[in-house]
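The values are calculated or read from the model by the stated rules, or taken from the named source; none is laboratory data. Quantities reported herein were computed from a predicted structural model and do not represent experimental measurements. Backbone-built Cβ (ideal geometry, glycine too); neighbour counts: all protein chains shown.
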Amino acid sequence: MNNPLPPGADVLISEVGPRDGLQSVKGIMPTEDKKRWITALYNAGLREIEVASFVPARLLPQMADAAAVVSHALTLPGLTVMALVPNLRGAQAALAAGVHKLTIPVSASAAHSLANVRQTREEMIETVGSIIALRNDLAPQVKVEAGIATAFGCTLQGLVPEDDVVRMAGLCIAAGADESGLSDTTGYANPAQVRRLFRRVRAEIGDRTGAAHMHNTRGLGLANCLAAYEEGVRTFDSSLGGLGGCPYAPGASGNVVTEDIVFMFEAMGIRTAIDLERLIAAREPLRAGLPGEPLYGMTPEAGLPKGFVHASAQNTSQGSAQSASKTAAKTFPSGAPHAR
């Protein structure tokens with residue numbers, strides 16, 4: 001994977017709520033509330049946040065303040081500020097705003113491509129190439145990920161052949177994208193499918209294989225993330241409170257809940273460098289900005305288990321215990337009496 005991990009982390013949790021989450025709700029979150037929410041996410045330890053999409057305000061009025069939101073996010077040290085761009089005009093605006101990373105949605109489904117970006121799949125590959133050329137001219141340091149949408153199935157088309165997914169990922173890399181990840185836009189994926197398809201994509205594009213973007217539409221979001229992890233994926237998109245979905249994929253409900261995926265990895269001893277208590281507290285500015293909007297998540301509802309210790313603390317404790325054990329071995333050689 002090309003994404004650098006945050007200090008002290010084994011995986012990168014990429015928060016997409018301010019973009020993917022907000023584009024799917026009816027209410028419009030005021031700009032100042034967005035800023036407070038992004039700051040709260042940052043204070044919890046998130047170091048990559050997709051803060052906006054650069055699209056016409058008439059299509060997604062929630063994103064009319066994209067440049068202002070990016071400007072605020074850029075003040076947070078060490079944060080990778082990411083934005084989605086569906087076309088060259090959006091990329092121009094995002095680069096002018098100063099983002100660190102662009103994400104481009106490229107559908108494996110022919111039907112979804114036309115509905116989502118109003119281009120055929122072939123035309124979208126040409127768009128990727130045009131955006132890469134623009135990036136190279138204006139801001140060569142900016143990373144570009146072409147995420148393969150509807151990689152596991154499509155509510156419009158139905159079955160999406162795996163060969164099409166692998167081919168589209170390869171074409172995106174050939175067009176100059178730095179990486180290409182897989183998105184379960186419609187919540188169709190299952191763990192066996194996730195393992196198989198990520199394995200095939202890696203065989204095609206190697207370490208340019210990007211993030212796993214899973215939805216929890218049918219309750220398999222975390223299981224699919226774990227399957228992707230077992231295939232070597234180390235970057236995972238998620239959304240605080242489970243907000244999100246695609247406006248152009250009927251029935252595609254929310255993303256994997258950030259609170260739940262962080263808890264899963266931390267409980268397994270896999271470090272995220274995210275403070276769960278602060279992460280759960282970041283729901284408050286979200287609620288304030290979108291009063292009445294349903295939020296999801298099992299971990300925030302149930303609370304942390306009694307005696308729960310973050311993975312980073314576990315590793316520190318284990319290191320201390322191992323040190324103490326070595327000291328004890330030196331102090332009490334084999335055969336020496338041991339205290340009970």
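Key figures
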| item | result |
| --- | --- |
| When residues of region 5-59 are limited to those that are basic (Lys, Arg) and either touching a Phe, Trp or Tyr at 6+ places or on another chain (Cβ under 6 Å) or under 23 Å from Leu295 (Cβ atoms) (or both), the one modelled with the lowest pLDDT | Lys26 |
| First in region 256-281 and surrounded by fewer than 17 Cβ atoms within 10 Å (Cβ to Cβ), second anywhere and part of a helix (DSSP H, G or I) and at pLDDT 95 or above, Cβ under 8 Å, 6 or more apart | Ile270/Tyr229; Arg278/Ala40; Arg278/Asn43; Ala281/Ala40 |
| Wholly enclosed helices (runs of 4 or more DSSP H) of region 210-302 bearing at least 1 residues in contact with a Pro (Cβ under 8 Å, 6 or more places away or on another chain) | 221-230, 258-267, 276-281, 283-289 |
| Residue match in region 85-102 (condition: under 18 Å from the mean Cα position of the chain (by Cα), of a type outside the set (A, V, I, L, M, F, W, C), surrounded by 19 or more Cβ atoms within 10 Å (Cβ to Cβ) and over 27 Å from Gly170 (Cα atoms)) | no |
| Top-ranked residue in region 132-170 [being closer than 25 Å to Thr80 by Cα and charged (D, E, K, R); ranked as surrounded by the most Cβ atoms within 10 Å (Cβ to Cβ)] | Glu145 |
| Thr120, sole failed condition from (1) under 23 Å from Asn255 (Cβ atoms); (2) modelled with pLDDT under 95 | (1) |
| Residue match in region 180-192 (condition: in a helix (DSSP H, G or I) and in contact (Cβ under 8 Å) with a residue 12 or more places away in the chain) | yes |
| Residue ranges of helices (runs of 4 or more DSSP H) in region 53-130 with at least 1 members under 18 Å from Lys143 (Cα atoms) | 66-73, 88-97 |
| Test set (1) in contact with a strand residue (DSSP E or B) (Cβ under 6 Å, 6 or more places away or on another chain); (2) surrounded by fewer than 22 Cβ atoms within 10 Å (Cβ to Cβ) - Ala110 fails condition number | (1) |
| Count of region 11-29 residues which are of a type in the set (Lys, Arg) and over 11 Å from Val51 (Cβ atoms) | 1 |
| Subset of region 17-52 that is part of a helix (DSSP H, G or I) and among the acidic types (Asp, Glu) - its residue that is surrounded by the most Cβ atoms within 10 Å (Cβ to Cβ) | Asp20 |
| Qualifying residue in region 222-241 (condition: under 30 Å from Leu88 (Cβ atoms), in contact with a strand residue (DSSP E or B) (Cβ under 9 Å, 6 or more places away or on another chain) and without any contact (Cβ under 8 Å) to a residue 40 or more places away in the chain) | no |
| One residue from Ala192, Ala115, Ala174 being crowded, with 16+ Cβ neighbours inside 10 Å, of a type in the set (A, V, I, L, M) and more than 24 Å from Glu48 (Cα to Cα) | Ala115 |
| Unmet criterion (only one of (1) out of contact with any Leu (no Cβ under 9 Å at 6 or more places or on another chain); (2) aliphatic (A, V, I, L, M); (3) at pLDDT 95 or above; (4) within 19 Å of Gly210 (Cα to Cα)) for Val99 | (1) |
